[in-house]
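The next block holds one structure in the form of structure tokens; read it before the comments.
The values are calculated or read from the model by the stated rules, or taken from the named source; none is laboratory data. Everything numeric here is computed off the predicted structure, so don't read it as measured data. Note that we place each Cβ from the backbone using ideal geometry, even for glycine, and neighbour counts take in every protein chain shown. Please note that ligands, DNA and RNA were not included when accessible areas were found on the heavy atoms of the full protein model with its side chains. Shrake-Rupley method; radii C 1.70, N 1.55, O 1.52, S 1.80 Å.
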Amino acid sequence: MTTDDLPRAMFSDTPAMTAEEWAVVEELCRGKRVWEWGSGFSTIALCKIAASVVTVEHAAGWALGTIIKCPRAVVIYAPPDLPYAEGGDDGNAAQFRSYSSAWYPASPIDVVILDGRARVACARTVRRATFPDARPSLLLHDAERSEYAPIFDEWREVRRRIGTLAVLEAR
């Protein structure tokens, strides 16, 4: 794979969020240790403000583009375990078992961002994890989608909702 194979949009530095949504992400992530499922524009912007960024990506082109644009990020490439067609839903736990279970932070995590595939499965991975201090805040992008209702049921406490971004805390 070469840079010619990368998505053209990968060379933008603008997160695919509204200004209001990004302001909340920036507020919560500045100087923090961030874990993110779904690499992209926000990853590149996060690398400029967060203390550290670990991102999990299922698409080789986006993973490579993130490494090029954000060399200080730790990029975990976890392709689908079962066939998956881009452009439909965001996949399920069986299709993205390796992706959603790619959770092994080397240091504490302050904020988790769900903006990729199999978001319900990823949220469950974080929910089951053990944390030495406080649980991280969970930021769910595209929170209005009905397929993410289980996340709200399991996390219980919505701190804020800004556009399509929800900030959740564990009980």
| message | Criterion first (under 15 Å from TRP35 (Cα atoms), among the small types (Gly, Ala, Ser) and either in a loop (DSSP other than H, G, I, E, B) or open to solvent by less than 30 Å² (accessible area, probe 1.4 Å) (or both)) does ALA166 satisfy it? | response | no
| task | Residues being under 15 Å from ARG124 (Cα atoms) and open to solvent by less than 60 Å² (accessible area, probe 1.4 Å): count how many of those fall in segment 75-94. | result | 3
| message | Just to check your reading of the model, which residue among ARG124, ARG117, ARG160 is open to solvent by 40 Å² or more (accessible area, probe 1.4 Å), touching a residue at least 24 places away in the same chain (Cβ under 8 Å) and assigned to a loop (DSSP other than H, G, I, E, B)? | response | ARG117
| In segment 48-60, which residues are farther than 15 Å from TRP37 by Cα and either open to solvent by less than 40 Å² (accessible area, probe 1.4 Å) or β-branched (Val, Ile, Thr) (or both)? | ILE49, ALA50
| Residue match in segment 28-37 (condition: at pLDDT below 95, small (Gly, Ala, Ser) and either over 21 Å from THR164 (Cα atoms) or open to solvent by 10 Å² or more (accessible area, probe 1.4 Å) (or both)) | no
| said: For segment 117-130, give me the residue count where each residue is at pLDDT below 95 and in contact with a Ser or Thr (Cβ under 8 Å, 6 or more places away or on another chain). | reply: 2
